[in-house]
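Since every read-out is calculated from the coordinates, none of them should be taken as a lab result. Owing to the predicted nature of the structure, the values given are computational and were not obtained by experimental measurement. No Cβ is skipped: glycine too gets one built from the backbone with ideal geometry, and neighbour counts run over all protein chains shown.
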Amino acid sequence: MLPGFVDTHVHYPQTRIIGRATGPLLRWLEQSVFPEEARFARRPYASAVADEMIDRMLAAGTTCAAIFSSSNPAATEVLLGRLAERGLRGAVGLTLMDVRSPKALSLSRDAAMTACRKLIRRWHQHDDGRLEVAITPRFALSCSRAMLRAAGRLAAEHGLLVQTHIAETEEELAATRAAHRDASDYLDVYDRAGLLGERTVLAHAIHLSPREWDRVRDAGARIAHCPDSNFFLGSGRMPLSEAHDRGILVGLGSDVAAGRSFSMRRAMASAYDNALCLGRSVSLPTLFRMATLDGAGALGLGDRVGSLEAGKDADFVLMRLSEQAKTVEDALAQLVFDNDDLGVEACYVRGQRLS
Ligand SMILES: [Zn+2]
């Protein structure tokens with residue numbers, strides 16, 4: 001029996017495009033991601049994929065996730081409805097994109113804020129807080145300054161989780177500097193818009209300066225580390241020690257579909273590889289904590305889920321380990337690295353069996 005895994009960064013409308021090897025990032029977005037995300041204007045498609053994603057998460061033992069929806073409000077509504085019905089825990093955000101984006105995916109600031117308010121009224125804190133609505137600018141490149149500011153105001157007004165991407169590739173970094181010349185660096189784009197605080201989860205954080213790392217710490221923001229995605233798109237190596245040495249909370253993200261699996265076990269194994277590539281090692285207990293308790297903490301849920309403790313909600317998974325695992329260390333090694341035979345037997349949220 002393990003705490004349910006927490007995926008701090010995943011894209012619902014990319015469920016069907018795992019493995020499209022058209023990276024690096026900006027080319028992959030153009031060629032593989034944006035055409036697929038445009039399909040979510042069709043409600044039956046959105047509904048079918050929502051159930052596929054939930055099935056895959058449960059098969060991987062994930063009981064809680066911070067999810068980027070598409071930029072389509074109706075598809076986001078569909079996803080929240082399926083999560084409400086199926087019993088998973090999580091935060092979902094309409095992906096905000098109003099500039100430098102394909103027409104089919106762009107939504108004006110006013111239309112997006114109206115849609116977000118509607119989603120908040122309908123779904124935020126649904127089922128005693130099991131579901132939340134998150135403010136979700138895709139990244140600085142796809143948002144105007146006005147959109148980012150409006151998003152920051154709305155997040156502050158309702159105390160919402162903010163999730164976005166930062167400093168994933170050097171090409172993106174250069175384009176962001178050119179697009180947001182008033183900001184001193186990438187992080188400052190979000191900071192100036194009021195999007196940086198204790199409820200902010202920043203995905204990737206590969207190419208940050210020392211000033212930006214210090215500011216992430218001082219703001220109390222959190223990191224979603226997505227190493228499998230970083231390998232697949234060749235984005236670079238996230239320096240985990242920069243975050244951990246500063247006491248910054250880091251959860252793991254699958255980042256499907258740049259990540260090649262919904263499994264947080266895969267994310268843990270890739271995080272181990274990633275650190276070793278940088279000449280550092282991460283212990284198995286630390287990897288496990290990032291995939292559970294630290295992930296929950298990054299989403300502001302550390303007092304409710306992420307570990308098996310009296311007083312918390314009973315979100316847990318049952319997994320079958322092989323009989324060779326005699327010690328906790330053996331069991332963790334099997335969980336993280338020996339991926340062939342382990343099976344998730346069942347997932348529970350608040351003691352209710354979901355699969
Ligand atoms: Zn992502």
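When the chain is treated as a GNM with alpha-carbon contacts under 10 Å, the residue of ALA183, ALA325, ALA205 showing the greatest mean-square fluctuation is ALA325. Compute a Gaussian network model of the chain, connecting alpha carbons closer than 10 Å, and tell me which residue from LEU249, LEU154, LEU342 fluctuates the most. Largest GNM mean-square fluctuation: LEU342.
Distance from the C-alpha centroid of region 203-223 to that of region 34-50: 33 Å, rounded to the whole angstrom. The ratio of the alpha-carbon radius of gyration of the chain to the globular-protein estimate 2.2 N^0.38 Å is 0.91. Note on the chain: with a GNM built from Cα contacts shorter than 10 Å, the maximum mean-square fluctuation among GLU157, GLU37, GLU345 falls on GLU157. Excluding PHE231 itself, what net charge comes from residues whose Cβ is under 13 Å from its Cβ, given Lys and Arg +1 and Asp and Glu -1? My count for the surroundings of PHE231 gives -1.
The residues neighbouring GLN352, those whose beta-carbon lies less than 14 Å from its own, together hold a net charge of 0 under the Lys/Arg +1, Asp/Glu -1 convention. If a/c stays under 1.5 just call it rounded; otherwise compare a/b with b/c (prolate if a/b is bigger, oblate if not). Do that for region 36-75, with a ≥ b ≥ c from the square roots of the Cα gyration tensor eigenvalues. Prolate, since a/c reaches 1.5 and a/b exceeds b/c. With a cut-off of 10 Å between beta carbons, the residues surrounding ALA258 carry a summed charge of -1, where Lys and Arg count +1 and Asp and Glu -1. Couplings 3J(HN,Hα) for region 66-81, derived from phi with the Karplus relation 6.51 cos²θ - 1.76 cosθ + 1.60 (θ = phi - 60°), are 9, 10, 7, 7, 7, 8, 8, x, 5, 5, 5, 4, 4, 4, 4, x Hz, where x marks Gly and Pro.
The loop-placed trypsin sites (Lys or Arg not before Pro) in region 172-242, going by DSSP, that have at most 10 neighbouring Cβ atoms within 10 Å of their Cβ come out as ARG181.
Note down the magnitude of the dipole of the chain about its Cα centre, charges +1 on Lys and Arg C-beta and -1 on Asp and Glu C-beta and zero elsewhere, to the nearest 20 debye.
1080 debye
Per-residue 3J(HN,Hα) values for region 273-285, derived from phi via the Karplus relation 6.51 cos²θ - 1.76 cosθ + 1.60 with θ = phi - 60°, read 4, 4, 5, 5, 4, 8, x, 10, 10, 10, 6, 4, x Hz in sequence order (x marks Gly and Pro). Convex hull volume of the C-alpha atoms in region 187-345, normalised per residue: 130 Å³. Translational diffusion of region 1-134 was estimated from the Stokes-Einstein equation, with Rh taken as the Kirkwood radius over Cα pairs; at 10 °C and 1.306 mPa s the coefficient is 104 µm²/s.
Over every Cα atom in region 165-205, the radius of gyration and the widest Cα-Cα span, Dmax, amount to 10.1, 28 Å.
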